[in-house]
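Visitor: Before I ask anything, here is the structure I am working with.
FYI, it's all coordinate maths here, none of it is from the lab. Because the structure is predicted, anything quoted here is derived from the model rather than measured. Quick reminder, even Gly has a Cβ in these numbers, built from the backbone with ideal geometry, and neighbours come from all protein chains shown.
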Amino acid sequence: MTDMLPIGIFDSGAGGLSVFSELVKELSHESFIYFADSANCPYGSKSPEKIIELSSKITEFLISKQCKAIVVACNTATAAAIDFLRANYSIPFIGMEPAVKPAAINTKTKSIGVLATAGTFKGRLYIETTRRYASDIKVCYQVGEGLVELVEQGDFSSTEAETLLMKYLNPMLDCNIDQIVLGCTHYPFFRPLLYKLLPLNVDIIDPAPAVAKQTCKVLIENNLVEDIRNKNSYSTFYSSGSSSVLKKIVENIEKNIERKIQNVSYIDNYIL
Ligand code: DGL
C-alpha cells in the first residue's frame, strides 16, 4: 500500500519552496512534508561531510513520516549528499540538476552565467555536467554569497539585494552572457529583481519545473502516484527555526496558482 503517503522535500531553508511551487502545480492531489533546516542554514559553505550528516537526519525524519519519495530541493545538498542518500536509503530520491545543459544549448553568444553556492560548484554533478555540455562555451560562474541569507529574511527586493545581485551579475554581463542558470533553489525568489536588472536578451533558467516533471516520472515508474480522487491531501511545513518566511512564500504560491493549497500547517523550531 503506497497510497495516501506524502512526498518529502527538504532544503536548508525556504529555497526549496521554489521547487514545491512547481510540484504542487504538477501534483495537486499529492500530500507533501517539507523540512526547512533553517537552524543550520546556509549549507553552501559547510563541508560535504556535515551536509551528508544533516541530510541523513532529515531523510530519516521524512521516512519516519512515511514519505514515499524525497525531493532534495537544494543544489548544495544534492551535490554533497545524493549519492550517499541513494546508497543508504531504499526510497527514490530526486535531486536538483544544475541546468547547464539547456543554457549551453540555447546560448547564442556562446557564453552562459551560473549563480550557485560554493558547495554546488565543488560537486561532481556540476563539474561533470559542465564538462559534458559546456566544454565549447564560456561559463562565467559566481558564488552568490549572502543571497540565501536575504531570502531567509524574506528580502527579495531591497536595495541591499539589488546591490548584491549586481555584484554577481556585472562580471557575467561583462562576459556577454545570454543565459543565467539559477543554481540554488533560493535564487528564483529574486526573479522580479533579476528581470529588472538583466538586459532583455538574457534568459533566466530555473531547473525547478524540470525537477517537478522528473518527480512525476519517478513516481509513475515506481508505482507511487496518488489516486487523483484523493480529496484529503495535505502539506505540512516543518522548520528547525522559524516558519514565518515559509508561510509568506506559501501564501504567494497560492496567489500565483490561484487556489488554496489544502490542509496546510506549519511547525516551528523542530529540532531533529
Ligand atoms: N537552496 C540551497 C541550494 O539550492 C541553499 C544553499 C545554502 O543553504 O547555502 O543550494
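Visitor: Treating the angle as unsigned and between 0 and 90°, give the value, to the nearest 10°, between the Cα long axis of helix 17-26 and the longest Cα principal axis of the chain.
Guide: Around 60 degrees separate the two axes.
Visitor: So in the chain, what percent of DSSP beta bridges are antiparallel if you round to the nearest 5? Please list the in-between numbers first.
Guide: Values: 0 of 33 bridges.
Close to 0 percent.
Visitor: Suppose R0 equals 30 Å. What FRET efficiency, 1/(1 + (r/R0)^6) with r the Cβ-Cβ distance, do Lys108 and Glu149 give to the nearest 0.05? Present the calculation step by step, with values, prior to reporting the outcome.
Guide: Values: r = 34 Å, r/R0 = 1.14.
Using R0 = 30 Å, I get an efficiency of 0.30.
Visitor: What does the helix-only formula give at 222 nm for the chain: each DSSP H stretch with n ≥ 4 adding -39500 (n - 2.57), the total divided by the residues, and the result rounded to the nearest 500 deg cm²/dmol?
Guide: Details: 11 runs with 120 residues, N = 272.
Estimated from H runs of four or more residues: -13500 deg cm²/dmol.
Visitor: Using per-residue counts of other Cβ atoms within 10 Å, averaged over each peptide, order 220-227, 80-87 from highest down. Kindly include the intermediate steps, with their values, before the conclusion.
Guide: Numbers: 220-227: 12.9, 80-87: 19.1.
Sorting 220-227, 80-87 by mean packing, highest first, produces 80-87, 220-227.
Visitor: Right, something else. What are the ³J(HN,Hα) values, in whole Hz, obtained from phi via the Karplus relation 6.51 cos²θ - 1.76 cosθ + 1.60 with θ = phi - 60°, for each residue of the range 196-204 in sequence order, with x given for Gly and Pro?
Guide: 6, 8, 9, x, 4, 7, 9, 7, 9
Visitor: Which residues does the label zone of Lys122 cover in the range 48-74, counting backbone N under 16 Å from a point 7 Å along Cα→Cβ?
Guide: Answer for this model: 48-55.
Visitor: While we're looking at this one, here's another question. Based on the Kirkwood radius over alpha-carbon pairs, what is the Stokes-Einstein translational diffusion coefficient of the range 59-135 at 37 °C with 0.692 mPa s viscosity, in µm²/s?
Guide: Working: Rh = 13.8 Å.
Taking Rh from Cα pairs, D becomes 238 µm²/s.
Visitor: Using the 10 angstrom Cβ neighbour count as an exposure proxy, how do Ile271, Ile177 rank, fewest first? Each step should come with its number before you reach the end.
Guide: Working: Ile271 8, Ile177 28.
By the 10 Å Cβ count, ascending, the order reads Ile271, Ile177.
Visitor: If you don't mind, there's one more thing I want to ask. What translational D, rounded to a whole number of µm²/s, comes out for the chain from Stokes-Einstein when the hydrodynamic radius is the Kirkwood one over Cα pairs, at 4 °C and 1.567 mPa s? Can you show the working numbers first?
Guide: Details: Rh = 18.7 Å.
After rounding, the answer is 69 µm²/s.
Visitor: Which shape class, rounded, prolate or oblate, goes with the range 1-118 when its Cα gyration tensor gives a ≥ b ≥ c as root eigenvalues, a/c under 1.5 marks rounded, and past that a/b bigger than b/c marks prolate?
Guide: Values: a/c = 1.98, a/b = 1.36, b/c = 1.45.
Verdict is oblate for the range 1-118.
Visitor: Can you give me the angle between helix 208-221 and the longest principal axis of the chain, using Cα atoms only, in degrees from 0 to 90, rounded to the nearest 10?
Guide: 40
Visitor: Packing-wise, with mean Cβ within 10 Å as the measure, how do 124-136, 228-240, 28-40, 207-219 rank, highest first? Can you show the working numbers first?
Guide: Working: 124-136: 14.8, 228-240: 16.4, 28-40: 22.2, 207-219: 18.1.
The peptides rank, most packed first, as 28-40, 207-219, 228-240, 124-136.
Visitor: In nm, give the distance between the simple-model label positions of Lys167 and Leu197, each being 7 Å from the Cα along the Cα-to-Cβ direction.
Guide: According to this spin-label approximation, the distance is 1.0 nm.
Visitor: Does anyone have the angle between helix 124-133 and the longest principal axis of the chain? Alpha-carbon axes, 0 to 90°, nearest 10?
Guide: Taking the Cα atoms of the chain, the angle to 124-133 is about 50 degrees.
Visitor: Could you compute the FRET efficiency for Glu160 and Asn222, with r as their C-beta to C-beta distance and R0 at 45 Å, rounded to 0.05? List each step's numbers first, then the result.
Guide: Numbers: r = 44 Å, r/R0 = 0.97.
For Glu160 and Asn222, the calculated efficiency is 0.55.
Visitor: What Kirkwood radius, in Å to one decimal, follows from the Cα pairs of the range 88-211?
Guide: Values: mean 1/r = 0.0673 Å⁻¹.
Final number for the Kirkwood radius of the range 88-211 is 14.9 Å.
Visitor: Take the range 160-272, compute every pairwise Cα distance, and split them into 10 Å bins from 0; I just need the percent in each bin.
Guide: Result returned by the calculation: 10, 29, 33, 21, 7, 0.
Visitor: Using alpha-carbon pairs under 8 Å, 6+ residues apart, how would you state the relative contact order of the chain in percent?
Guide: Details: 508 pairs, mean separation 72.3, N = 272.
Reported relative contact order: 27 percent.
Visitor: Let me ask you something else. Packing-wise, with mean Cβ within 10 Å as the measure, how do 245-257, 181-193 rank, highest first?
Guide: My ranking of the peptides, most packed first, is 181-193, 245-257.
Visitor: Here is a follow-up. Using the number of other C-beta atoms within 10 angstrom as an exposure proxy, rank Thr159, Thr109 with the fewest first. Write out the running numbers ahead of the final one.
Guide: Working: Thr159 7, Thr109 14.
Going from least to most buried by this count: Thr159, Thr109.
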